[in-house]
Amino acid sequence: MKAAWIGVVGVTVAVLGGCMMGPDYRRPGLPVPETYRFLPEDASLQALDSRWWEDFGDPVLNGMVEEAIANNRDLRAALANSEKAAAAIMLARSDLFPQISINAKTGREQLSERDAEPLIGVPNPQNGRQASIGASWEIDLWGRIRRLTESAEADARSVEQARRAALLSVVANVVTRYIDLLALDEQLAIARNTSDNYAESLRIIELQFKYGVTSQMTVAQAASQYETAQSRIPQIRHSITQTENALNILMGRNPGPVMRGSSLNQLKSPVVPADLPSRLLLRRPDILAAEQDLVSANAMIGATRALYFPTISLTGAFGSSSESLKNLWKGDAKTWSFAGVVTMPVFQGGSIYAQVRQAEAGQRAALAKYEAAVQSAFADVDNALSLRERVNEQLEKEIRLVSQLSDYSRLAKLQYDEGYSAYSVVLQADQSLFPRQLTLAQLKASSLSSVVGLYKSLGGGWIDLADRKTLVGQEDG
């Protein structure tokens, strides 16, 4: 009979335990564009699952990316946060199981005999020894603990996606900073070469002035031209230092010089990636993180609604109590207790109602953030594709412009040397050419960086390929 009763209780608990308060999560339907604008014809669907930074063909850059993945401080912090969130799941889930504890106590006590008669046969002072095993268990009838566990699991997945987003950002920033550094190197070479040419022109003109061939105004024009080129060199060198330091920080290094591999013109452009817009929902870490925040907020509704219903807890203890240690484990020293506790909220001053309203509002806010993250992601991809197209258009035009200005400068010098034009014509030509040469170097870098931005906006399987390096690096460290 007793066994049958225990079986009935067990079945009842199992059935009631299947009850879960609150709505189950369903991914909200969102309008997804069928295709992207500005997608080039040579885009590759497979590129998103490759280590695309290796396509630049620079071993030094590859080593920098690997070093940043292994040593970047932000990535280490993100990994620690991910581990912290994983431990929170275990903490939330632990309430589903009985909580067992062992208690032991020993002591000596004396009672006052001034106002009370001493008990016959009871020594005073007396020793006391106790040992017991206690257990308590909250039966999760309404799914409160399971909803809290569900919320903790979603929070952990959100933090993990934040870690993957940090990895995406670190890799993209390393590649972009390296391209910027090579562009600055080219600009520095242009400024130095231009300055050397202007210095030679100034030397010749000063000789011409010495022998009365030209005027002092021409000397002043040539000198101003030279100083203009010279003034750009310190600015570019400072920018190089800043970019090197930024790269060092990304790689977990102290400030210092950075090795180069290829020059800017030697870098190859990776394949332009492409993907279906609908798959963006499954690739972008920020979208996945926002969705897990929504899952967590949805679960909290059920956890707070369960507070309206009774909480049933079972507690029990079994142990021994004796005056002396040698009698502690004898049969007449045994003690035990068992209790079932039912707690039912009656009046909470609106506390539970407020918690439910708070959870429901939190779910609506998380939904709005998820929708905003999706829309922003599509805009990021569209902007990156547009930037790639426009930068390449501008680059083509700038190449033609620099070519024309180079011819203009060359012809102006020839006319001046032959005495057909004033030096002001040469000055005007050079003043137009020099800044356009610097702009061309920057546009070459922008063209390469636009591909990096596209990979960053699309996410993709390459994050998982880099992620393996992250985990290996953390284990080695």
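Spin-label pair SER224-LYS84: with each label point 7 Å from Cα along the Cα-Cβ axis, the two points sit 6.0 nm from one another. Taking label positions 7 Å along the Cα-Cβ direction at both ILE204 and ARG410, the computed distance is 1.5 nm, reported to one decimal. Per atom type, the range 374-430 shows carbon and sulfur on 52% of its accessible surface, probed at 1.4 Å. Estimated at the nearest 10 Å², the accessible area of SER158 is 10 Å² with a 1.4 Å probe.
I need the calculated FRET efficiency for the pair ALA361 and PHE309, taking r as the beta carbon distance and R₀ as 25 Å, to the nearest 0.05. That pair, ALA361 with PHE309, gives E of 0.70. Highest mean packing comes first when the peptides 401-412, 277-288 are listed by Cβ atoms within 10 Å, giving 277-288, 401-412.
The values are calculated or read from the model by the stated rules, or taken from the named source; none is laboratory data. This one's a predicted model, so the numbers in the text were calculated from it and none came from an experiment. Virtual Cβ from ideal backbone geometry, glycine too; neighbours counted across all protein chains shown. These area figures cover heavy atoms from the full protein model, side chains too; ligands, DNA and RNA do not enter into them. Shrake-Rupley method; radii C 1.70, N 1.55, O 1.52, S 1.80 Å.
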